[in-house]
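Remarks on the structure that follows.
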Amino acid sequence: MRMRKRPNLEPRMEKCAELMIHRPEELRGRWKAAGSELLGREVEKLYLELGCGKGRFTVDTAERLPDVFYVALEKVPDAMIIAMERCGRRGLNNLRFIDGDAAGLCLMFAPEEADRIYINFCDPWPKSRDAKFRLTSPGFLRRYASVLPLGGQIHFKTDNLPLFNWSIQQMEREGWELSELTNDLHSQGGELIMTDYEAKFSAEGIKINRLVASKTEKTLDLSAPPLERMRFAALRDARGYLESMRDKESAQ
């Protein structure tokens, strides 16, 4: 869905300027120190959200975890301004925003600097030729492994079941340990922090898929051998890529 243009975007962005990190690469390796300065107390955890959208989940999570320094990336300013305005109205000082892309994650964050990464309702890029753009593709997973320590986690939610199944396959092949897998998150009860999309989908009866992936000693990062081109990765056949790789390994 294309985000509609927000009126008066530039002046609204200027009003929220203190919530934006304009040169994130300059904080590489000292994000927690920067968070400690903002909060006036030591920050031990750094959580990232990739593609925060309008920021409902972002702001609610940061508010619930006041001792965590929370950094949200979003490359669509018309969505991010809503998230920043939400943050401003709540008066949160443990949340900051980056106008940027997850592809540059390792330029912004040092090895093992982040403790958790949230990926909520990302673009599924359903065609096989576009699979490399999915935020759960091997290329991105290796970036995450490079900025997370052992035991660091990815929290992933989506309404798209083929994308969810495909993501499970990639995470397992890349050496992540999976837990908390569910194809119907909202049936489990308890208080949930939702995104705007999630609230809409839930109201329509659409089931939400969720998992937690933890980095292990077997998890591949950017130091691993180069990735081969992905084939049979269209989401119409979420098992195609895995089966092709198994056939290739059997033939060796």
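Side notes on the structure shown:
- Enumeration of residues in the stretch 69-94 that are open to solvent by 20 Å² or more (accessible area, probe 1.4 Å), β-branched (Val, Ile, Thr) and in a helix (DSSP H, G or I): Ile82
- Pairs where the first residue, in the stretch 16-29, is farther than 13 Å from Pro77 by Cα and among the acidic types (Asp, Glu) and the second is crowded, with 16+ Cβ neighbours inside 10 Å and modelled with pLDDT of 95 or more, C-beta under 7 Å, 6+ apart: Glu25/Met108
- With respect to (1) of a type outside the set (Ser, Thr, Tyr); (2) exposed (fewer than 15 other Cβ atoms within 10 Å of the Cβ); (3) out of contact with any Asp or Glu (no Cβ under 8 Å at 6 or more places or on another chain), the lone exception for Ala34 is condition (2).
- Test: residue in the stretch 128-136 that is assigned to a helix (DSSP H, G or I), surrounded by 23 or more Cβ atoms within 10 Å (Cβ to Cβ) and in contact with a helix residue (DSSP H, G or I) (Cβ under 7 Å, 6 or more places away or on another chain): no
- Qualifying residue in the stretch 54-68 (condition: under 15 Å from the mean Cα position of the chain (by Cα), closer than 14 Å to Asp99 by Cα and part of a loop (DSSP other than H, G, I, E, B)): yes
- Failed item, numbered, when Phe97 is tested on (1) assigned to a helix (DSSP H, G or I); (2) open to solvent by less than 20 Å² (accessible area, probe 1.4 Å); (3) at pLDDT 95 or above: (1)
- Residues of the stretch 104-116 that are among the aliphatic types (A, V, I, L, M), in a helix (DSSP H, G or I) and open to solvent by less than 50 Å² (accessible area, probe 1.4 Å): Leu105, Met108.
- Residue match in the stretch 215-225 (condition: charged (D, E, K, R), out of contact with any strand residue (DSSP E or B) (no Cβ under 7 Å at 6 or more places or on another chain), modelled with pLDDT of 95 or more and surrounded by fewer than 13 Cβ atoms within 10 Å (Cβ to Cβ)): yes
- Evaluation of Met20 against (1) over 23 Å from Leu105 (Cβ atoms); (2) touching a strand residue (DSSP E or B) at 6+ places or on another chain (Cβ under 9 Å) (one fails), failing number: (1)
- Residues of the stretch 202-211 that turn out to be open to solvent by 30 Å² or more (accessible area, probe 1.4 Å) and either assigned to a helix (DSSP H, G or I) or within 10 Å of Lys157 (Cα to Cα) (or both), as a count: 3
- Unmet requirement for Gly91, which otherwise passes all of (1) under 18 Å from Pro149 (Cβ atoms); (2) more than 17 Å from the chain's Cα centre (by Cα): (1)
- Residues satisfying the stated conditions in the stretch 17-53, i.e. touching a helix residue (DSSP H, G or I) at 6+ places or on another chain (Cβ under 6 Å) and part of a helix (DSSP H, G or I): Leu19, Pro24, Glu25, Leu27, Ala34
- Residues that are open to solvent by less than 50 Å² (accessible area, probe 1.4 Å) and not in a helix (DSSP H, G or I), drawn from the stretch 154-183: Ile154, His155, Phe156, Lys157, Thr158, Asn160, Glu174, Gly175, Trp176, Leu178, Ser179, Thr182
- Search result, residues across the stretch 116-135 that are under 14 Å from Leu73 (Cα atoms) and among the hydroxyl-bearing types (Ser, Thr, Tyr): Tyr118
The values are calculated or read from the model by the stated rules, or taken from the named source; none is laboratory data. Remember, predicted model here, so these are calculated numbers, not experimental data. Methodologically, a virtual Cβ is constructed for each residue, glycine included, from the backbone with ideal geometry; neighbour enumeration extends over all protein chains shown. Side chains included, ligands, DNA and RNA excluded: accessible areas come from the protein's heavy atoms. Shrake-Rupley method; radii C 1.70, N 1.55, O 1.52, S 1.80 Å.
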